[in-house]
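Take a look at the structure set out below.
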Amino acid sequence: MPTRYSYHDVQAMTRNFIKELGGGGFGTVFEGTLIDGTKVAVKRLDGLSQIEKSFLAEVETIGRTHHLNLVRLIGFCAEKFHKFLVYEYMSNGSLDKWIFHKNLEMSLDWQHKKKITLDIARGITYLHEECRQKIVHMDIKPHNILLDENFNAKVSDFGLSKLVDHDQSQVVTTMRGTPGYMAPEWLSLVITEKVDVYSFGIVLLEILCGRRNFDRSQPEEAMHLVDLFKKKFEEDRLLDLVDKYSEDMQLHGEEVVNMMRVAAWCLQNDFTKRPSMSMVVKVFEGVMNVELDLDYFFSNAPLLNTRAGVDNQEVHIVAATPLLPSILSGPR
(Lines give C-alpha, C1' and ligand atoms only; values in the text may rest on other atoms or scores of the structure.)
Protein backbone atom coordinates (compact mmCIF):
# COMPACT_ATOMS: atom_id res chain seq x y z
CA MET A 1 0.00 0.00 0.00
CA PRO A 2 1.35 3.50 -0.82
CA THR A 3 2.26 5.80 2.06
CA ARG A 4 -0.67 7.57 3.70
CA TYR A 5 -0.17 11.31 4.33
CA SER A 6 -2.23 13.73 6.38
CA TYR A 7 -3.61 16.91 4.84
CA HIS A 8 -1.04 18.79 6.92
CA ASP A 9 1.70 16.66 5.31
CA VAL A 10 0.38 17.53 1.85
CA GLN A 11 0.30 21.23 2.69
CA ALA A 12 3.88 21.01 3.90
CA MET A 13 5.25 19.08 0.92
CA THR A 14 3.63 21.52 -1.55
CA ARG A 15 4.41 24.61 0.58
CA ASN A 16 0.68 25.26 0.70
CA PHE A 17 0.16 24.50 -3.01
CA ILE A 18 2.42 27.31 -4.19
CA LYS A 19 3.57 25.83 -7.54
CA GLU A 20 0.99 24.45 -9.95
CA LEU A 21 2.28 22.03 -12.58
CA GLY A 22 -0.94 21.60 -14.54
CA GLY A 23 -4.42 20.20 -14.47
CA GLY A 24 -6.56 17.45 -15.91
CA GLY A 25 -9.95 15.84 -15.84
CA PHE A 26 -9.77 15.00 -12.14
CA GLY A 27 -8.01 17.98 -10.64
CA THR A 28 -4.92 20.13 -10.31
CA VAL A 29 -1.32 18.94 -9.97
CA PHE A 30 1.20 20.70 -7.72
CA GLU A 31 4.94 20.34 -7.29
CA GLY A 32 6.01 18.98 -3.92
CA THR A 33 9.06 17.85 -1.99
CA LEU A 34 9.17 15.02 0.55
CA ILE A 35 11.10 15.29 3.82
CA ASP A 36 14.05 13.40 2.29
CA GLY A 37 14.24 15.93 -0.57
CA THR A 38 12.54 13.77 -3.21
CA LYS A 39 10.51 15.84 -5.67
CA VAL A 40 6.95 14.66 -6.24
CA ALA A 41 3.81 15.62 -8.17
CA VAL A 42 0.74 16.02 -5.95
CA LYS A 43 -2.64 15.63 -7.67
CA ARG A 44 -5.63 17.16 -5.89
CA LEU A 45 -8.73 15.17 -6.81
CA ASP A 46 -11.74 17.40 -7.37
CA GLY A 47 -15.38 16.33 -7.31
CA LEU A 48 -14.61 12.78 -6.26
CA SER A 49 -17.67 11.23 -4.65
CA GLN A 50 -16.30 7.87 -3.46
CA ILE A 51 -16.63 7.03 0.17
CA GLU A 52 -13.28 6.49 1.86
CA LYS A 53 -13.45 2.69 1.67
CA SER A 54 -13.84 2.63 -2.11
CA PHE A 55 -11.20 5.35 -2.52
CA LEU A 56 -8.70 3.32 -0.48
CA ALA A 57 -9.50 0.21 -2.52
CA GLU A 58 -8.75 2.09 -5.72
CA VAL A 59 -5.56 3.55 -4.27
CA GLU A 60 -4.44 0.04 -3.33
CA THR A 61 -5.01 -1.10 -6.91
CA ILE A 62 -3.00 1.81 -8.29
CA GLY A 63 -0.28 1.27 -5.72
CA ARG A 64 0.36 -2.32 -6.75
CA THR A 65 0.42 -1.48 -10.46
CA HIS A 66 4.14 -1.25 -11.19
CA HIS A 67 5.74 -0.95 -14.60
CA LEU A 68 8.67 0.97 -16.06
CA ASN A 69 6.28 2.83 -18.37
CA LEU A 70 3.64 3.79 -15.79
CA VAL A 71 3.94 6.79 -13.48
CA ARG A 72 4.49 5.40 -9.97
CA LEU A 73 2.13 6.24 -7.11
CA ILE A 74 4.11 7.06 -3.95
CA GLY A 75 1.36 8.01 -1.53
CA PHE A 76 -2.08 9.47 -0.93
CA CYS A 77 -4.19 11.57 1.41
CA ALA A 78 -7.81 10.83 2.31
CA GLU A 79 -9.24 13.16 4.96
CA LYS A 80 -12.90 14.13 4.79
CA PHE A 81 -13.16 16.34 1.69
CA HIS A 82 -9.42 16.27 0.97
CA LYS A 83 -8.20 13.59 -1.44
CA PHE A 84 -4.74 13.69 -2.99
CA LEU A 85 -2.45 11.31 -4.86
CA VAL A 86 1.33 11.71 -4.63
CA TYR A 87 3.25 10.58 -7.73
CA GLU A 88 6.86 10.38 -8.80
CA TYR A 89 8.02 13.64 -10.39
CA MET A 90 8.54 13.63 -14.16
CA SER A 91 10.99 16.42 -14.92
CA ASN A 92 10.37 16.76 -18.66
CA GLY A 93 6.63 17.17 -18.30
CA SER A 94 3.99 15.95 -20.71
CA LEU A 95 4.52 14.77 -24.27
CA ASP A 96 2.38 17.50 -25.84
CA LYS A 97 5.06 20.07 -24.95
CA TRP A 98 7.57 18.20 -27.09
CA ILE A 99 5.68 17.22 -30.26
CA PHE A 100 3.56 20.21 -31.26
CA HIS A 101 6.39 22.70 -31.86
CA LYS A 102 5.19 25.54 -29.67
CA ASN A 103 8.89 25.99 -28.93
CA LEU A 104 11.26 24.70 -31.60
CA GLU A 105 13.99 24.31 -28.98
CA MET A 106 11.78 21.68 -27.33
CA SER A 107 11.86 19.13 -30.11
CA LEU A 108 12.82 15.48 -30.21
CA ASP A 109 14.74 13.54 -32.84
CA TRP A 110 13.32 10.49 -34.57
CA GLN A 111 15.12 7.96 -32.36
CA HIS A 112 13.65 9.56 -29.22
CA LYS A 113 10.17 9.60 -30.76
CA LYS A 114 10.42 5.93 -31.74
CA LYS A 115 11.48 5.02 -28.21
CA ILE A 116 8.60 7.06 -26.75
CA THR A 117 5.99 5.33 -28.93
CA LEU A 118 7.31 1.94 -27.81
CA ASP A 119 7.29 3.06 -24.16
CA ILE A 120 3.66 4.16 -24.42
CA ALA A 121 2.63 0.91 -26.11
CA ARG A 122 4.36 -1.15 -23.41
CA GLY A 123 2.70 0.82 -20.62
CA ILE A 124 -0.78 0.36 -22.07
CA THR A 125 -0.08 -3.32 -22.74
CA TYR A 126 0.67 -3.78 -19.04
CA LEU A 127 -2.62 -2.13 -18.07
CA HIS A 128 -4.62 -4.28 -20.50
CA GLU A 129 -2.93 -7.66 -20.28
CA GLU A 130 -0.55 -8.00 -17.37
CA CYS A 131 -2.33 -6.49 -14.35
CA ARG A 132 -4.22 -8.65 -11.88
CA GLN A 133 -7.09 -6.26 -12.57
CA LYS A 134 -7.38 -5.23 -16.18
CA ILE A 135 -7.37 -1.44 -16.44
CA VAL A 136 -8.93 0.43 -19.35
CA HIS A 137 -7.45 3.92 -19.33
CA MET A 138 -10.06 5.66 -21.51
CA ASP A 139 -8.16 8.94 -21.84
CA ILE A 140 -4.90 8.23 -23.66
CA LYS A 141 -3.56 11.52 -25.06
CA PRO A 142 -0.21 13.39 -25.10
CA HIS A 143 -1.15 15.35 -21.96
CA ASN A 144 -1.33 12.03 -20.07
CA ILE A 145 2.07 10.79 -21.28
CA LEU A 146 4.87 12.08 -19.05
CA LEU A 147 8.63 12.12 -19.71
CA ASP A 148 11.37 11.65 -17.14
CA GLU A 149 14.84 13.23 -17.21
CA ASN A 150 16.01 10.65 -19.77
CA PHE A 151 12.87 11.01 -21.94
CA ASN A 152 11.50 7.65 -20.91
CA ALA A 153 7.74 7.87 -21.44
CA LYS A 154 5.27 6.84 -18.75
CA VAL A 155 1.47 6.67 -18.89
CA SER A 156 -0.23 8.72 -16.17
CA ASP A 157 -3.78 9.06 -14.83
CA PHE A 158 -4.45 5.35 -15.35
CA GLY A 159 -5.60 4.72 -11.79
CA LEU A 160 -8.46 7.16 -12.16
CA SER A 161 -9.99 5.37 -15.10
CA LYS A 162 -12.44 2.49 -15.06
CA LEU A 163 -11.12 -0.59 -13.25
CA VAL A 164 -12.52 -3.82 -14.62
CA ASP A 165 -12.29 -6.88 -12.40
CA HIS A 166 -12.21 -10.26 -14.05
CA ASP A 167 -15.57 -11.38 -12.65
CA GLN A 168 -17.52 -8.20 -13.41
CA SER A 169 -20.06 -8.16 -16.24
CA GLN A 170 -21.23 -4.58 -15.82
CA VAL A 171 -19.78 -1.44 -14.33
CA VAL A 172 -21.66 1.73 -13.49
CA THR A 173 -19.08 4.45 -13.76
CA THR A 174 -18.29 7.94 -14.93
CA MET A 175 -16.65 7.49 -18.30
CA ARG A 176 -14.37 10.06 -19.70
CA GLY A 177 -12.35 10.99 -22.68
CA THR A 178 -11.11 13.87 -24.79
CA PRO A 179 -12.74 14.76 -28.12
CA GLY A 180 -10.43 13.86 -30.96
CA TYR A 181 -9.04 10.83 -29.11
CA MET A 182 -12.31 8.96 -28.50
CA ALA A 183 -13.14 5.84 -30.49
CA PRO A 184 -16.34 5.67 -32.62
CA GLU A 185 -17.90 3.01 -30.38
CA TRP A 186 -18.31 5.57 -27.60
CA LEU A 187 -21.56 6.46 -29.39
CA SER A 188 -22.94 3.00 -28.65
CA LEU A 189 -21.20 2.74 -25.26
CA VAL A 190 -19.79 -0.67 -26.10
CA ILE A 191 -16.52 -0.13 -24.30
CA THR A 192 -13.55 -2.49 -24.44
CA GLU A 193 -9.81 -1.97 -24.09
CA LYS A 194 -9.83 -1.24 -27.83
CA VAL A 195 -10.90 2.36 -27.06
CA ASP A 196 -7.35 2.81 -25.74
CA VAL A 197 -5.94 1.28 -28.92
CA TYR A 198 -7.85 3.85 -30.98
CA SER A 199 -6.61 6.71 -28.78
CA PHE A 200 -3.05 5.40 -29.08
CA GLY A 201 -3.46 5.47 -32.87
CA ILE A 202 -4.38 9.15 -32.71
CA VAL A 203 -1.41 9.93 -30.44
CA LEU A 204 0.93 7.99 -32.73
CA LEU A 205 -0.33 9.94 -35.74
CA GLU A 206 0.20 13.23 -33.88
CA ILE A 207 3.78 12.25 -33.02
CA LEU A 208 4.54 11.29 -36.63
CA CYS A 209 2.92 14.38 -38.14
CA GLY A 210 4.00 16.91 -35.51
CA ARG A 211 0.53 18.43 -35.14
CA ARG A 212 -2.69 18.07 -33.17
CA ASN A 213 -5.54 15.90 -34.42
CA PHE A 214 -7.63 19.06 -34.71
CA ASP A 215 -5.85 22.27 -35.65
CA ARG A 216 -7.87 25.40 -36.35
CA SER A 217 -4.82 27.16 -37.82
CA GLN A 218 -4.83 24.75 -40.77
CA PRO A 219 -6.91 25.24 -43.95
CA GLU A 220 -10.45 23.91 -43.51
CA GLU A 221 -9.78 20.73 -45.48
CA ALA A 222 -6.76 19.95 -43.27
CA MET A 223 -8.12 20.83 -39.81
CA HIS A 224 -8.95 17.21 -38.96
CA LEU A 225 -5.79 15.10 -39.08
CA VAL A 226 -7.68 11.82 -39.51
CA ASP A 227 -9.53 13.16 -42.57
CA LEU A 228 -6.23 14.43 -44.00
CA PHE A 229 -4.65 11.03 -43.33
CA LYS A 230 -7.39 9.32 -45.35
CA LYS A 231 -7.01 11.85 -48.20
CA LYS A 232 -3.22 11.48 -48.39
CA PHE A 233 -3.52 7.69 -48.35
CA GLU A 234 -5.92 7.81 -51.30
CA GLU A 235 -3.47 10.07 -53.15
CA ASP A 236 -0.53 7.80 -52.20
CA ARG A 237 1.14 10.83 -50.62
CA LEU A 238 1.58 9.85 -46.97
CA LEU A 239 5.09 11.34 -47.05
CA ASP A 240 3.39 14.75 -47.16
CA LEU A 241 2.24 14.18 -43.58
CA VAL A 242 5.68 13.58 -42.06
CA ASP A 243 6.53 16.27 -39.48
CA LYS A 244 7.76 19.22 -41.55
CA TYR A 245 9.57 20.80 -38.61
CA SER A 246 11.82 17.77 -38.13
CA GLU A 247 14.60 17.37 -40.67
CA ASP A 248 15.55 14.13 -38.94
CA MET A 249 12.08 12.67 -39.51
CA GLN A 250 12.10 13.84 -43.12
CA LEU A 251 15.31 11.86 -43.61
CA HIS A 252 13.57 8.78 -42.18
CA GLY A 253 10.36 9.41 -44.13
CA GLU A 254 9.77 5.84 -45.29
CA GLU A 255 10.16 4.49 -41.76
CA VAL A 256 7.74 7.14 -40.48
CA VAL A 257 5.19 6.20 -43.15
CA ASN A 258 5.45 2.54 -42.12
CA MET A 259 4.55 3.57 -38.58
CA MET A 260 1.59 5.51 -39.97
CA ARG A 261 0.24 2.16 -41.11
CA VAL A 262 0.36 0.99 -37.49
CA ALA A 263 -1.69 4.08 -36.61
CA ALA A 264 -4.19 3.18 -39.34
CA TRP A 265 -4.50 -0.33 -37.90
CA CYS A 266 -5.27 1.13 -34.49
CA LEU A 267 -7.88 3.49 -35.99
CA GLN A 268 -10.07 0.85 -37.65
CA ASN A 269 -13.75 1.71 -37.18
CA ASP A 270 -14.55 -1.91 -36.29
CA PHE A 271 -12.84 -2.28 -32.93
CA THR A 272 -12.54 -6.05 -33.38
CA LYS A 273 -10.15 -5.39 -36.28
CA ARG A 274 -7.80 -3.24 -34.21
CA PRO A 275 -4.69 -4.93 -32.82
CA SER A 276 -4.12 -5.55 -29.15
CA MET A 277 -1.48 -3.28 -27.65
CA SER A 278 0.82 -6.28 -27.24
CA MET A 279 0.60 -6.79 -31.02
CA VAL A 280 1.56 -3.13 -31.52
CA VAL A 281 4.60 -3.69 -29.28
CA LYS A 282 5.61 -6.72 -31.37
CA VAL A 283 5.36 -4.68 -34.59
CA PHE A 284 7.52 -1.93 -33.09
CA GLU A 285 10.04 -4.55 -31.94
CA GLY A 286 10.19 -5.99 -35.45
CA VAL A 287 8.88 -9.45 -34.60
CA MET A 288 5.47 -9.05 -36.25
CA ASN A 289 4.18 -7.40 -39.41
CA VAL A 290 1.45 -4.80 -39.53
CA GLU A 291 -1.92 -5.87 -40.97
CA LEU A 292 -2.08 -4.96 -44.67
CA ASP A 293 -5.84 -5.26 -45.26
CA LEU A 294 -6.85 -1.96 -43.65
CA ASP A 295 -9.83 0.33 -44.07
CA TYR A 296 -8.74 3.97 -44.38
CA PHE A 297 -12.31 5.27 -44.24
CA PHE A 298 -12.06 6.46 -40.65
CA SER A 299 -15.02 7.80 -38.71
CA ASN A 300 -14.53 11.09 -36.93
CA ALA A 301 -14.32 10.59 -33.18
CA PRO A 302 -17.62 11.23 -31.35
CA LEU A 303 -18.40 14.39 -29.47
CA LEU A 304 -15.84 16.38 -31.41
CA ASN A 305 -17.21 19.89 -31.28
CA THR A 306 -15.23 22.40 -33.28
CA ARG A 307 -16.80 25.52 -31.85
CA ALA A 308 -14.36 27.94 -30.29
CA GLY A 309 -13.50 27.20 -26.73
CA VAL A 310 -14.36 23.52 -26.65
CA ASP A 311 -11.59 21.93 -28.71
CA ASN A 312 -9.95 18.99 -26.96
CA GLN A 313 -11.90 19.48 -23.75
CA GLU A 314 -12.53 16.40 -21.66
CA VAL A 315 -16.05 15.01 -21.53
CA HIS A 316 -17.71 12.83 -18.94
CA ILE A 317 -20.46 10.30 -19.67
CA VAL A 318 -22.34 8.58 -16.88
CA ALA A 319 -23.65 5.21 -17.94
CA ALA A 320 -24.28 1.62 -17.02
CA THR A 321 -21.99 -0.02 -19.52
CA PRO A 322 -22.28 -3.60 -20.76
CA LEU A 323 -18.78 -4.99 -21.15
CA LEU A 324 -17.93 -7.43 -23.88
CA PRO A 325 -16.56 -10.86 -22.92
CA SER A 326 -13.09 -10.00 -24.23
CA ILE A 327 -12.61 -7.43 -21.51
CA LEU A 328 -13.48 -9.88 -18.78
CA SER A 329 -10.83 -12.43 -19.54
CA GLY A 330 -7.60 -12.72 -17.63
CA PRO A 331 -4.20 -11.63 -18.90
CA ARG A 332 -3.26 -13.18 -22.20
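Here's the yes/no breakdown for (1) closer than 30 Å to Arg132 by Cα; (2) assigned to a loop (DSSP other than H, G, I, E, B):
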residue	(1), (2)
Tyr181	yes, yes
Glu185	yes, no
Arg261	no, no
Trp265	yes, no
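Please specify each residue of region 79-89 satisfying the condition of being surrounded by fewer than 21 Cβ atoms within 10 Å (Cβ to Cβ) and either farther than 18 Å from Thr3 by Cα or hydrophobic (A, V, I, L, M, F, W, C) (or both).
Phe81
Looking at region 76-97, I want the residues that are without any contact (Cβ under 8 Å) to a residue 60 or more places away in the chain and have a partner that is of a type in the set (Asp, Glu) with Cβ atoms under 7 Å, at least 6 apart or on another chain. Which pairs are those?
Every condition considered, the pairs that remain are Ser91/Asp148; Ser91/Glu149; Asn92/Asp148; Asn92/Glu149.
Every residue in region 174-221 that is of a type in the set (Gly, Ala, Ser), modelled with pLDDT of 90 or more and touching a helix residue (DSSP H, G or I) at 6+ places or on another chain (Cβ under 7 Å), please.
Gly201, Gly210 - these are the residues of region 174-221 that are of a type in the set (Gly, Ala, Ser), modelled with pLDDT of 90 or more and touching a helix residue (DSSP H, G or I) at 6+ places or on another chain (Cβ under 7 Å).
Those residues that are surrounded by 10 or more Cβ atoms within 10 Å (Cβ to Cβ) and in a loop (DSSP other than H, G, I, E, B), I need them from region 216-240; list them, please.
Passing the criteria: Arg216, Gln218, Met223, Arg237.
The values are calculated or read from the model by the stated rules, or taken from the named source; none is laboratory data. Keep in mind that this is a model prediction, so the values were computed, not measured. Glycine gets a Cβ as well: all are built from the backbone with ideal geometry, and neighbour counts include every protein chain shown.
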